[in-house]
Amino acid sequence: MTSAAVIDHTQRDPWEVATEQFDTAADKLHLDPNMRGILRECQRELTVHFPVRMHDGAVKVFTGYRVQHNTSRGPGKGGIRYHPSASLGEVKALAMWMTWKCAVVGIPYGGAKGAVICDPKTMTLQQLETLTRRYTTEIAILIGPERDIPAPDLGTNAQTMAWIMDTYSMHAGHTVPAVVTGKPLSIGGSEGRNEATARGAVYTIIEASKHLGLDLEGARVVVQGFGNAGSFSAKLMAELGAVIVGLSDTQGGIHNAKGLDPNKVDAYKRETGSVVGLPGSERVTNNELLELDCDILIPAAIENQIGEHNAPKITAKLVAEAANGPTSPEADRILYDKGVFMIPDILCNAGGVTVSYFEWVQDLQNLFWREATINARLKEVMVRSFNDVLQMSLKHKVHMRTAAYMVAVARVAEATLTRGIYP
Ligand code: GLU
């Protein structure tokens, strides 16, 4: 399961943020108003309410969603989130971000996302399995290997994907591995998928540091969130010689200016349930963590973490968004004016969906690749995409998020235009 920071509902609605980011890029691209109208909405929004029998015999009704933002470039693709504060607006934003993410790295998918409002941390494995199987059945009208392919996100993992794959396969009457990605290796998962989001983020950080003339050896790094993206990002950055000066999870943050060993932090979290309390570390709040003195900040938790209130206090020279939507548009402007270099989410964390694509291709071909091949192909995609976005940013003198959107929106608009409007 992935950890998350605290959601602050006084902050901006993710769908409003997503559409504002889109509008900024659409203006710069002088996008045709008709095209703008199409791309600004989600194509399909499914809400489901379904009963699950809990172990005390009571029946609890859960609410879930699956949204497809745009499928012009290929089937819908995107994770499923289990979180107590999931909402339709959040899922729509995450689905739209998936469309741009797949386009910016040039993989043949549209954008989709799903969620169930629940707190997986308080549920038993048995309840999670029952909930997952029923939710899968409810969204079966949308998903399929050629239609819409879910993957893990906050609160879900490879086991969740195994249950989805099994449920879908039971209905089909035969095994359909390509209906989800992020599966366990034993049932058609891919080597390298677990670390892919972090590995992809680190490839973009390496490219950015070359551009900025920043030495990663000894660079001070803060990572917010110690779930899948955060924990592997910390480990990979430490392997490159960076010093991890701050880390956090839902329980709080820890700091040590001389450096924290992410492998030790991981072992400590497995033992105690949190990074907080690690011997030799000082406790910090989530806000203090983001403002720690550092060179590189990696938000790897959830949306709405860097806003107007704390952006002026960020000391990092480079922000690499391993999470989706951590920075508000106001904060983007403040950071840009301060000269902070931003690797935006739709580029920075696209390594996850890129290796999902490799997994899907392997499943469809029944031919599996070695980890070295996966990582080399991932690197090629991330380096190329980073440079596409950097060139766009330099050419149009816009910040990296707007540049990433411009690359992505232009590709999706071209696909939509070429296909034409049906009927
Ligand atoms: N949930 C991940 C993301 O936000 C991965 C999606 C996927 O692999 O389809 O990018």
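Observations
- Cα centroid of region 328-355 to Cα centroid of region 120-197, whole Å: 29 Å
- Aspartates and glutamates whose Cα lies under 17 Å from that of Lys113, excluding same-chain neighbours fewer than 8 positions away: Asp13, Glu16, Glu41, Glu45, Glu90, Glu138, Glu146, Asp148, Asp153, Glu303, Asp345
- Taking amide H positions as modeled 1.01 Å from N, with prolines and chain starts lacking one, the residues under 5 Å from Gly111 and 5 or more places away or on another chain are His69, Asn70, Lys77, Thr99.
- Here the Karplus curve 6.51 cos²θ - 1.76 cosθ + 1.60, taken at θ = phi - 60°, turns the phi angles of region 28-45 into couplings of 4, 7, 6, 5, 3, x, 5, 5, 4, x, 5, 6, 7, 10, 8, 5, 9, 10 Hz, with x standing for Gly and Pro.
- Within the listed set Arg370, Arg199, Arg73, the residue fluctuating most in the Gaussian network model of the chain (springs between alpha-carbon atoms under 10 angstrom) is Arg370.
- A dipole drawn for the chain from +1 and -1 charges on Cβ atoms has a positive end, and of Ala372, Thr285, Pro262 the residue lying farthest that way is Ala372.
- Lys/Arg +1, Asp/Glu -1 at C-beta; region 139-219 dipole; positive extreme among Gly188, Ile206, Pro152: Gly188
- Asp293-Ile187 pseudo-label distance in nm [points 7 Å out on the Cα-to-Cβ vector]: 5.0 nm
- q = 0.19, 0.22 Å⁻¹: log10 I(q)/I(0) that the Debye formula gives for region 309-423, counting C-alpha atoms only: -1.06, -1.20
- Distances between placed amide hydrogens fall under 5 Å for Asn304 paired with Thr327, all partners being 5 or more residues away or on another chain.
- Environment charge at Lys317 (Cβ cut-off 13 Å; Lys +1, Arg +1, Asp -1, Glu -1): -1
- For the set Lys235/Lys258; Lys101/Lys235; Lys235/Lys264; Lys313/Lys338; Lys210/Lys258; Lys338/Lys397, the pairs lying more than 18 angstrom apart at their alpha carbons are Lys101/Lys235; Lys210/Lys258.
- Mean Cβ neighbour count within 10 Å, used as a protection proxy, ranking 205-213, 415-423, 381-389 highest first: 381-389, 205-213, 415-423
- Packing-based exposure ordering (other Cβ within 10 Å, fewest first) of Thr197, Thr124, Thr250, Thr137: Thr124, Thr137, Thr250, Thr197
- A simple packing score, the average count of other Cβ atoms within 10 Å per residue, orders the peptides 336-346, 58-68, 104-114 as 104-114, 336-346, 58-68, with the highest score first.
- Every Cα-Cα pair of the chain was included, and the share exceeding 30 Å stands at 38 percent.
- Peptides 140-148, 323-331 ordered by packing proxy, namely the average of other Cβ atoms within 10 Å per residue, highest first: 323-331, 140-148.
Laboratory data are not the source of any read-out in this text; all were calculated from the coordinates shown. What you are looking at is a predicted structure, and each value in this text was computed from that prediction instead of being measured. Every residue, glycine among them, receives a Cβ derived from its backbone with ideal geometry; neighbour counts consider all protein chains shown.
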